[in-house]
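Have a look at the structure below before the remarks.
All of the numbers you see were taken from the coordinates with simple rules; none came from a lab. On a predicted model such as this, the values are computed, not experimentally measured, just so you know. Here the Cβ is made from the backbone with ideal geometry for all residues, glycine too, and neighbour counts use every protein chain on show.
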Amino acid sequence: MTGFLLRRLGASLLVVVGGSILVFGALRAIPGDPIQLMLGTQGVTNPELVARYTERFGLDLPAPVQYLYWVGQLVRGDLGDSIVQPQSVGDFMRMRAINTAVLGATAWVIAVLGGTGIGVVAALLVHRRMWVADYALSGFSVVMISIPSFSLALILMIIFGVNLGWLPVLGMQSVEDSGLLDRLRHLVLPAVTLATVPGFVLGRIVKAAITDALLGDYARTAYAKGLSERRVFLVHVLRNAMVPIVTNTGLMFGGFLSGSVLVEFMFAWPGLGRGLVNAILARDFPIVQGITLLILVIFTVVNFLVDLSYGLIDPRIRYARA
Amino acid sequence: MRGPDPVDSALHGGNRVRLPGTGRTAALAAWVGANRWMSVLLAIAAAMMVFAIVAPWIAPGDPTEVVLSQRYLPLWSEGHAMGTDHLGRDYLSRLIVGGRLSIMAGLIPAFGAMVAGLVIGLTSGYFGGWVDSVLMRIIDVLLAFPFLLLVILMVAVLGTDIRNAMIALMIGGTPGTARTLRSLVLSIKQRPFVEAAEVSGLGGWRIIQHEIFPNVLPLAVALMTIQMSWMIVAIAGLSFLGLGVRPPDADWGTLIAEARGHIFRAPYLALIPSVLVALVSFVFFVLGDALQRTLGEERVR
């Protein structure tokens, strides 16, 4: 077990370092000089200013030296200063990370509860041989998975924001009223949009897992013992169907991080995804490096935890070889 | 409970029985009869590809002609079956020509990702050793990035246009395919027919070509079909963000982005291309899903 942990940790570290080098190199290969972009016409008329800023952000040094310098700063907990924003990368990311986390966590709860619910219902439909309802639900799930998130966002905005006027469609809070209820109301549409695809994907996986588990010997034994259907489902089947559910939670995180870019863009949500796209477009290297590093670390840690959790849920799985 | 091993079931599932003495047409008819659902899906997918090719010739008007006196004509207007947009351009023509870009730009990178995934998966899985280690570490790193973020980053590096967006999508889709195919190759390598070929002195490339490749191809095609459904959505998303198709060209993602500013006045301008993207993506998703089921693997999205 310890050997497995160490090997797995080493591999994760390698991935994070490799990923950060990849991003670092890619940014420096992008055509377009960040300093010139930031200074605009001022830079064209004043080459001295460009030179001074280039030196200030260390962009005149060879790329490997820049990388080592960046890592050195990082070890001391400093992500550097933004080129475009008048603040440090750490300050820029802190607020936005919280906003994205709030959105992501809400979406995660909706997706897990909703997805598991849909999966259980779908499995019950199969179990009770209600084929028409089963087909309808499967078809609906696939439609919801195929809808692009920005289209879904528009549809929800048109229905709930424009036609019914129930929910606000932009931003995190109103200007005049920023109580808890107001913030929650702003959260509904973005969170639902973000949760839709992962939720319905999870629903399909839960359905398959439960249908599989119902065919297992223990399920037959449980029925043979005369246990009620509810008890068989909740105690014997659902637990055995947990492994794929947990595995998928890790994949879901990737979906959230990808999805949040478009969803934050649509709903004007001041989070990391939107910050990242804007920073890429403005060639704000330090911010892109900071945000991608955070995403790499979160993604890697989640995958690591998912791997570990297999054994907790299903003790039959052993960590033989990584 | 872990379900059946995908690699194992891919090997044992999908046995095809060919009756002796039947011609090609009869065999096709028999296959269609036995796989009605799949045949319908294949026909729809094929029709979409044909549509993507012939689109410029079936568009009734010029998709880029601006007529400012005819802005926001409603649906079913005289001469403009789908009305006009905020610049008075014929919306039906824009939808048809945009569909060509959307479909092509989704299908081509998925195909490219399959080819690249096959090359890497076969090389890595069959030869193993340091080549395998290096390739798999690179793939680990690429898979540590969420798909869309990796693609956006690459578009930024390559420069914003449709060709680069397609290249970026292809690179983004390759690691997953390569990883899955590699594990299939690893298990095929253990099987008697490969050992027999090795003992009879065939070279590595010939074994890959004649023994391994034919057994990997079905799963590769199924994965490609599912990726087509993602990539059609992804390219629309890139265009929506302004990172894909550039004006004056417009794909469905561009149309949605343009219509976004006018959802109060003409919500259908945003809804129609949204539904179309979802529809095309839906067909390829269901088709890929059905192909994978035939291979006995039901779990992968």
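Centre-to-centre separation between the Cα atoms of region B:239-272 and those of region A:126-189: 20 Å.
Annotation note: chymotrypsin sites (Phe, Trp or Tyr not before Pro) in region A:122-167 located in DSSP loop regions with a Cβ neighbour count of at most 13 within 10 Å are A:166. Across region A:68-83, rounded Karplus estimates of 3J(HN,Hα) from the backbone phi angles (6.51 cos²θ - 1.76 cosθ + 1.60, θ = phi - 60°) give 4, 4, 4, 4, x, 4, 4, 4, 8, x, 10, 8, x, 10, 5, 7 Hz, Gly and Pro being marked x. Taking only alpha carbon atoms, region A:19-167 gives an Rg to Rh ratio of 1.20, where Rh is the Kirkwood radius. Taking amide H as placed 1.01 Å from N in the peptide plane, the amide H of residue B:73 sits under 5 Å from that of B:84, each at least 5 places away or on another chain. Applying the Karplus relation 6.51 cos²θ - 1.76 cosθ + 1.60 with θ = phi - 60° to region B:56-68 yields 3J(HN,Hα) values of x, 8, 9, 5, x, x, 8, x, 10, 6, 8, 10, 5 Hz, where x marks Gly and Pro. The fewest-to-most ranking of B:87, A:180 by surrounding Cβ atoms within 10 Å reads A:180, B:87. Between region B:214-236 and region A:255-274, the C-alpha centres lie 26 angstrom from each other. Counting GluC sites (Glu not before Pro) as exposed when in a DSSP loop with at most 14 other beta carbons within 10 Å, what is the longest stretch of chain B free of them? In short, B:79-301.
Taking amide hydrogens as placed 1.01 Å from N in the peptide plane, the amide H of residue B:90 sits under 5 Å from those of B:65, each at least 5 positions away in sequence or on another chain. For region A:129-198, trypsin sites (Lys or Arg not before Pro) meeting the loop criterion (DSSP other than H, G, I, E, B) and having at most 12 other Cβ atoms within 10 Å: A:129. Remark on residue A:81: its backbone amide H falls under 5 Å from those of A:89, a criterion applied only to residues 5 or more positions apart or on other chains, H modelled at 1.01 Å from N. A DSSP coil position with no more than 12 other Cβ atoms inside 10 Å describes the following trypsin sites (Lys or Arg not before Pro) in region A:1-94: A:76.
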